[in-house]
1. Tell me, what is the percent relative contact order of the stretch 10-215, built from C-alpha pairs under 8 Å that lie six or more residues apart?
2. Explain nothing, just compute: Karplus ³J(HN,Hα) = 6.51 cos²θ - 1.76 cosθ + 1.60, θ = phi - 60°, for every residue of the stretch 68-80 in order, whole Hz, x for Gly and Pro.
3. So what are the ³J(HN,Hα) numbers for the stretch 182-187, from phi and the Karplus equation (6.51, -1.76, 1.60; θ = phi - 60°), rounded to whole Hz, Gly and Pro as x?
4. What is the Cα centroid distance between the stretch 121-178 and the stretch 66-96, reported in whole angstrom?
5. Of (1) 62, 46, 32; (2) 72, 40, 36; (3) 46, 45, 31, which is the value of Cα extents along the principal axes in Å derived from the coordinates here?
6. Taking N as the number of residues in the stretch 30-149, what is its Cα Rg relative to 2.2 N^0.38 Å?
7. Can you give the % of DSSP beta bridges in the chain that are antiparallel, to the nearest 5?
8. Along Cα→Cβ, 7 Å out, is where each label goes; now give me the distance between the ones at Tyr143 and His172 in nm to one decimal.
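Please treat every number below as a calculation from the coordinates, not as lab data. Quick caveat, the model's predicted, so the values are computed rather than measured. We place every Cβ from the backbone using ideal geometry, glycine too, and count neighbours over all the protein chains shown.
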Amino acid sequence: MSDKQQYVVDGINAGNSWRLFKILAELVEGFETLDSLYPAVSIFGSARVKPGDEVYELTYEIANKLASHGYHIITGGGPGVMEAGNKGAKDGGAKSVGLNIELPLEQAPNPFATTKLNFQYFFVRKIMFVKYAQAYIGMPGGYGTLDEITEALTLIQTRRIKPFPVILVGTHYWEGLLDWIRSTLKGGGFISPEDLEIVTVLDDPDEVVHMIKKYVIL
């Protein structure tokens, strides 16, 4: 019997069926672990920045300031921006949540997450990022960061979640993307003018904290 045949029992693909149980297990563990987490802010950004880099230190400062004001921090649980966010949260006395994903490269759990969850499925992990946060911060990053930020933007645009703050940190880093959104997406009629208001671009950590405090009441 071939590998393919042994997974098919009475016409049912057993491999896919068992995968559903694994997905359900990740959802249940996430819901049970994070159920009492409030208020929280999800921070997205590159795994490739190092301690001492400007983006790393800026992320630490933002997370630390938010933690000192009573906001818990959720990150992807890995290195780079995620590590900086978890470290800032831990040092600030808030819950430091790391949602680690199993990847062949770049993603190893950082030591600063005090609440740790491991995921095999990206979409389950993204549910946790969105469901348990009341604000989303995008630091400079790559495809993963864009995926996570646009997930939040889409859910707010389509009114699947409340219009929580979505803050992009770093005017210089994000200006090219935002110019394209204005000229091509809005200019071509692919999004409405009010959709531009979903996102805010800031540079100063204190302004980030002020905006979140304004919209997310403790």
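1. Working: 375 pairs, mean separation 39.7, N = 206.
Reported as a whole number, the value is 19 percent.
2. 5, 9, x, 9, 7, 10, 10, 10, x, x, x, x, x
3. Coupling constants for the stretch 182-187: 5, 7, 9, 6, 5, x Hz.
4. Between the Cα centre of the stretch 121-178 and that of the stretch 66-96, the gap is 17 Å.
5. (1)
6. Working: Rg = 12.4 Å, N = 120, 2.2 N^0.38 = 13.6 Å.
So the Cα radius of gyration is 0.91 times the expected 2.2 N^0.38 Å.
7. On the way: 2 of 24 bridges.
Of the beta bridges lying entirely in the chain, close to 10 percent run antiparallel.
8. That separation, rounded to one decimal, is 2.7 nm.
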